[in-house]
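Below: one structure, written as structure tokens.
The values are calculated or read from the model by the stated rules, or taken from the named source; none is laboratory data. Being a predicted model, the structure only gives us computed values, none of them experimental. Here the Cβ positions follow ideal geometry from the backbone for every residue, glycine too, while neighbour counts run over all protein chains shown. For accessibility, only protein heavy atoms count, side chains too; no ligands or nucleic acids. Shrake-Rupley method; radii C 1.70, N 1.55, O 1.52, S 1.80 Å.
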Amino acid sequence: VGHLALRVHLPQWVRVMRDDIGQGKIVLPQQIARNAVINIRAYLSHPMLTGLSRDQAGVPIPAWFVNDVAVTYGGERVAHFAWSSGISRDPFVGFSLIASKEAPVVVTWTDNKGGVFTHSVEVEFAG
């Protein structure tokens, strides 16, 4: 008995028309001591389209990607990332920070179509 292998290609618009675009989170260690070096990860739900794909009809799908990520800690800029279209869907960044004060970490993601997505979390010391 022969086997039939099916390869299904979903149209690109299915990826673009998601309800969760712009949702994200910032992950901190569970316990933070004053002046400790902590590792932070920030995630964003975004399609990150390169502009090189085509839909089923052969029409180019326009580029739509995050091109700027800014991070502040207590109102002071502590990191900045400039991206191109070569970053994969649902991007994340990771970085280290000296937790010198109890203050918010704010990550602002900006895409090439003018979308701005901001997420924040409070750095709070244990004990």
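For the reader, a short list of remarks on this structure follows.
- Ratio of the Cα radius of gyration of the chain to 2.2 N^0.38 Å, where N counts its residues: 1.37
- Summing charges over all other residues whose Cβ lies under 15 Å from the Cβ of Ala33, with Lys and Arg as +1 and Asp and Glu as -1, gives 0.
- Here is how the number arises for the chain: DSSP H runs of 4 or more residues each give -39500 (n - 2.57), the sum is divided by the residue count, and the result at 222 nm is -1000 deg cm²/dmol.
- Relative contact order of the chain, taken over Cα pairs closer than 8 Å and 6 or more residues apart, is 27 percent.
- Note on exposure: Ser45, Ser88 ranked by accessible area (1.4 Å probe, complete protein assembly) read Ser88, Ser45, with the most exposed listed first.
- Among residues other than Val107 with Cβ under 15 Å from its Cβ, the summed charge is -2 (Lys and Arg +1, Asp and Glu -1).
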